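First the structure, which I've put down as structure tokens, then a few questions once you've had a look.
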Amino acid sequence: MARTINSRVSWVGKIDWELNKFHGEELSTRHGSSYNAYLVKGTAKTVLIDTVWKPYGLEFIKQLKQAINLSEIGAIVANHGEVDHSGALPFLLKLIPGTPVYCTANGVKSLKGQYHEDWNFQVVKTGDRLELGGCDLTFIEAPMLHWPDTMFSYLSQDNILFSNDAFGQHYASEKMFNDLVDQCELMHEAMKYYANILSPYSAIVIKKIREILDLGLPVDMICPSHGVIWRKEPMRIVDQYRQWADNYHENQVTVLYDTMWNSTRIMAEAIAAAMADYAPELRVKVYNVSKHDHSDLVTEIFRSRGIVVGSPTYNRGLLSAMASVLEEIGGMGLKNRKAVAFGSYGWSGEAAKIIAEHLSKAGFELVNDGLRHMWTPDQEALAKCRSLGEEFAKALD
Ligand code: FEO
């Protein structure tokens, strides 16, 4: 059902209460999500900004028909071609063929590549404007936020930025607006979204925010393509993004381990306890990576000044859950953080070295060569673990 945003703009998207995984099975979404689409009605032209994920395409069209006679849609703006926003386009453009689709040059490639249709594409660049009668949309290219094709659209007369994925959250809510929802949930979901989706592009985020601020555009509302709309103090999420993009961390260390017969777990706990004893102000969190959701772990890593990572040696390598987490860490693009590796073993003992290599390649500064222990930790081994924990906490001072 359409929801009124203001006298010109209405929301015509889909709230997806069921979604618990996104990007295939890669990203957990504990509070569902939404695919936000918007209708902007000028006196001369009505524009649809984005659509919804393909499985909801026909439902979207049905709802859209209740909000507007489809023949009155004079243009479609495809801010981003990923299927969660473009999925209903093939259905819609069968009903209103020839309707111009405004997108970037990369948007054409993306949409053609996915749908193999030669729609009436109108390529736009930063600064191009679409007159709607009494109002206009200005386009701002935003490559890599989240794909090369992404752009923002800005409605000058109402000071609304349609930011697509940027400033989004996988957060389903009937409330629609940021001031009406639980603030802790909202900010946690916004951070998880940033850490898992946008963190690799932090340098681009900083540049884009600076560029938008330099344009001096007033922003009264930010309408992203997922989650709630930022209408109360919308620039706070922009400032938050600037902080998250700029080597953000909290006073936290995260210990990540996997274990077969508990030796690496015992090492992890001894290291964590020593860090907590040495630095009472430091938040120390400990996770078995086989038992915790990896998207949540990415969020914890994002918040951390340093990480301590351990695995037993298994078939001359790592346990597979740890290998998977290290792959995710490698893609996060994190900088200025410290790390150390550890692990138990029975005979060959490669794991700690392999972990250290992954962490170094991911951009972490290793505080030392790591700690390996053969068989079950005894008192002497536990003392070494405690020393490592203290050394790591000191390195963060
Ligand atoms: Fe929400 Fe990059 O799609």
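The values are calculated or read from the model by the stated rules, or taken from the named source; none is laboratory data. Everything numeric here is computed off the predicted structure, so don't read it as measured data. Cβ placement follows ideal geometry from the backbone for every residue including glycine, while neighbour counts extend to all protein chains displayed.
Here are the criteria: (1) out of contact with any Ser or Thr (no Cβ under 8 Å at 6 or more places or on another chain); (2) within 17 Å of residue 164 (Cα to Cα). Tell me which single one residue 100 does not satisfy.
Tallying (1) out of contact with any Ser or Thr (no Cβ under 8 Å at 6 or more places or on another chain); (2) within 17 Å of residue 164 (Cα to Cα), residue 100 fails exactly one: (2).
Now, a different point. Could you give me the residue pairs with C-beta distances under 6 Å whose first residue belongs to segment 206-225 and is modelled with pLDDT of 95 or more, whose second residue is within 16 Å of the ligand (Cβ to nearest atom) and polar (S, T, N, Q) wherever it lies, and which are 6+ apart or on separate chains?
222/163; 224/163; 225/36; 225/164
Whether any residue in segment 187-204 is within 16 Å of the ligand (Cβ to nearest atom) and closer than 24 Å to residue 45 by Cβ is what I want to check.
There is no residue in segment 187-204 that is within 16 Å of the ligand (Cβ to nearest atom) and closer than 24 Å to residue 45 by Cβ.
Further question on the same structure: Counting just the residues of segment 95-131 that are under 21 Å from residue 224 (Cβ atoms) and assigned to a loop (DSSP other than H, G, I, E, B), which one comes out nearest to the chain's Cα centre (by Cα)?
104
Can you confirm whether residue 106 is more than 26 Å from residue 178 (Cα to Cα) and within 14 Å of the ligand (Cβ to nearest atom)?
Values: more than 26 Å from residue 178 (Cα to Cα): yes; within 14 Å of the ligand (Cβ to nearest atom): yes.
The answer is yes for residue 106.
Restricting to segment 213-237, give me the number of residues that are aliphatic (A, V, I, L, M), in contact with a Ser or Thr (Cβ under 9 Å, 6 or more places away or on another chain) and within 16 Å of the ligand (Cβ to nearest atom).
Final tally of qualifying residues: 2.
Here is a follow-up. Mind checking which pairs have a first residue in segment 138-165 that is over 11 Å from residue 82 (Cα atoms) and a second that is within 13 Å of the ligand (Cβ to nearest atom) and among the β-branched types (Val, Ile, Thr), Cβ under 6 Å, 6 or more apart or different chains?
Partner pairs satisfying both residue conditions: 142/150.
Oh, and also: State all residues of segment 265-321 that are of a type in the set (Gly, Ala, Ser), surrounded by 22 or more Cβ atoms within 10 Å (Cβ to Cβ) and part of a loop (DSSP other than H, G, I, E, B); if no residue qualifies, say none.
304, 311
Mind telling me which of the residues 41, 65, 21, 45 ends up being outside the structural domain of residue 329 (by TED's automatic domain parsing), of a type in the set (Lys, Arg) and within 16 Å of the ligand (Cβ to nearest atom)? Break it down into steps so the answer makes sense when it comes.
Details: 41 fails: within 16 Å of the ligand (Cβ to nearest atom); 65 fails: within 16 Å of the ligand (Cβ to nearest atom); 45 fails: within 16 Å of the ligand (Cβ to nearest atom).
Step by step, each of 41, 65, 21, 45 is checked, and only 21 is outside the structural domain of residue 329 (by TED's automatic domain parsing), of a type in the set (Lys, Arg) and within 16 Å of the ligand (Cβ to nearest atom).
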